[in-house]
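As structure tokens, the structure follows; a few thoughts come after it.
The values are calculated or read from the model by the stated rules, or taken from the named source; none is laboratory data. What you are looking at is a predicted structure, and each value in this text was computed from that prediction instead of being measured. Here Cβ is always computed from backbone atoms with ideal geometry, including for glycine, and neighbour counts include all displayed protein chains. In case anyone asks, the SASA skips ligands and DNA or RNA and just uses the protein heavy atoms, side chains included. Shrake-Rupley method; radii C 1.70, N 1.55, O 1.52, S 1.80 Å.
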Amino acid sequence: MGSLRDRRRYGALRLPVDRRRHERVSWLDTDLRTRRKTLLRSRWKDLAVILVALAASALGMCVTVRHSPLLLGLVLGVYLGAIAVSTVVFLSVVDGSFHPRLGRLVERSIGTNLRRIPGIYGVISDVSFEHVNVDHVVLTSDGCLAIEVKSSFSRRQDLAKVPDLAGKVSQARDGAQRVQRLLRSRGVDLAVRPVLLFTGPGAPFMPPVVQYDDVTITGFTDPAV
């Protein structure tokens, strides 16, 4: 178990956190579950028709190749895989949760990379408040950071041309203030510095670090950097 912890590289203070359990009770996960339940209740007939059509198509193909066990297994595997993947993607698109779920995957990846950086003692991800969350709270030898992650998959452009940059900066600042108030309410008077982190292939062209008032803006296209 100790070697597993070392490979995870939580940092010098060894601060493991059950992130999956924490995410399941977050306001975002509750909202995503509500969207999915609403969709299944309101559109279950349409979904059933699609599944029946796919099943009928798979049955027809299986009857055609029934004399070849290899082809039969191949057809079943392809259809089952396609049904599983398309169901997940289709439901996420229809219920409007595709982008939040994709954003969560990106944020989780960023958290994993942050935990591997030397000098970081611990990373607590998805700190939830009422209808808002802070993506990552990072404890380092130089202090505490509240990191707001923004992923972009569009065409890259200069930082000044990022849509609603001021709003994103304000969100990062608000997250840091919430974490600082939370710590102070528990008797820990610690300054929390806001960081806005852009990632993804559409992350803006910018210097490694840009200071926007009291918010530090950086990019994360390369985990080594």
Could you pull out every one of the helices (runs of 4 or more DSSP H) wholly within the range 1-72 that has 2 or more residues that are modelled with pLDDT of 55 or more and open to solvent by less than 80 Å² (accessible area, probe 1.4 Å)?
-> 27-42, 44-64
Is it the case that the range 163-171 has a residue that's closer than 17 Å to G219 by Cα, more than 21 Å from the chain's Cα centre (by Cα) and not β-branched (V, I, T)?
-> yes
Qualifying positions in the range 140-165 - in a loop (DSSP other than H, G, I, E, B), open to solvent by 50 Å² or more (accessible area, probe 1.4 Å) and among the hydrophobic types (A, V, I, L, M, F, W, C) = F153
Answer yes if at least one residue in the range 177-197 is among the charged types (D, E, K, R), open to solvent by 20 Å² or more (accessible area, probe 1.4 Å) and part of a strand (DSSP E or B), and no otherwise.
-> yes
Is at least one residue of the range 86-98 at pLDDT below 70 and touching a Phe, Trp or Tyr at 6+ places or on another chain (Cβ under 7 Å)?
-> yes
Across (1) in a helix (DSSP H, G or I); (2) modelled with pLDDT under 70; (3) closer than 30 Å to G202 by Cα, E107 clears everything bar (2)
